[in-house]
Every structure is written in structure tokens, then in C-alpha cells.
Amino acid sequence: MSPALAWPHELIDLPAWEALGEDETHRVECVEGVLVVTPRPVARHQVTILGLAGALAAALPERLRALPEFELLLDLDRVSAL
């Protein structure tokens, strides 16, 4: 996804979301069909997330993992974590 692309002016569904592609400069979420765009976290925030993920990882059982960021797709017919 690129800032040069036109943003949809209506609610989007999963196929439309997937067609948008990746955007490395913004965090883009789809909440109940509405696009929510925020800037990526600054370095200080990323360092804090990394420290928190490390502390959580040390405290979690071996079978669980702490992730600083992940994508979760929810659909009526499927649920998948990417």
C-alpha cells in the first residue's frame, strides 16, 4: 500500500483488505470495515516493546511466545493468525 493509492470511501471486506497490500511507513488496521491509519512507532516505542516482549517471553511457559507485533484476521468463516 502506498500513500499515493486512493483510499476506499466505503466499508471494506476481507478481499478488499488483502488487495491493499503492505505499507511499511504506516500501521493500517481494518476495524469493522473501516481503515484506521497511524504512523509506525518511533524508535523509543519500539525499544520499549522489545523490552516488554523479552520480559514476557522469560515469564511465559515454553509452549507460548511473546510477539511484539502480529496480524490477526477474523472472518465469519475462518480465524487465522499470520
Selection count where residues are in contact with a strand residue (DSSP E or B) (Cβ under 7 Å, 6 or more places away or on another chain) and either loosely packed, with under 11 Cβ neighbours inside 10 Å or at pLDDT 90 or above (or both), scope the range 73-82: 3
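Going by the structure shown, is Arg27 closer than 16 Å to Glu71 by Cα, among the basic types (Lys, Arg), surrounded by 11 or more Cβ atoms within 10 Å (Cβ to Cβ) and at pLDDT 80 or above?
Answer is yes for this residue.
Every residue in the range 1-20 that is in a loop (DSSP other than H, G, I, E, B) and at pLDDT 80 or above, please.
At the first step, the residues of the range 1-20 found to be in a loop (DSSP other than H, G, I, E, B) are 1-13.
Correct list: Glu10, Leu11, Ile12, Asp13.
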Residues being at pLDDT below 85 and either in contact with a Phe, Trp or Tyr (Cβ under 6 Å, 6 or more places away or on another chain) or surrounded by 11 or more Cβ atoms within 10 Å (Cβ to Cβ) (or both) - total across the range 38-54: 2
Residue match in the range 62-72 (condition: at pLDDT below 80 and among the hydrophobic types (A, V, I, L, M, F, W, C)): yes
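The values are calculated or read from the model by the stated rules, or taken from the named source; none is laboratory data. Bear in mind that the values here come from a model prediction, so they are computed numbers and not experimental data. Cβ: placed from backbone, ideal geometry, glycine included. Neighbour counts: every protein chain shown.
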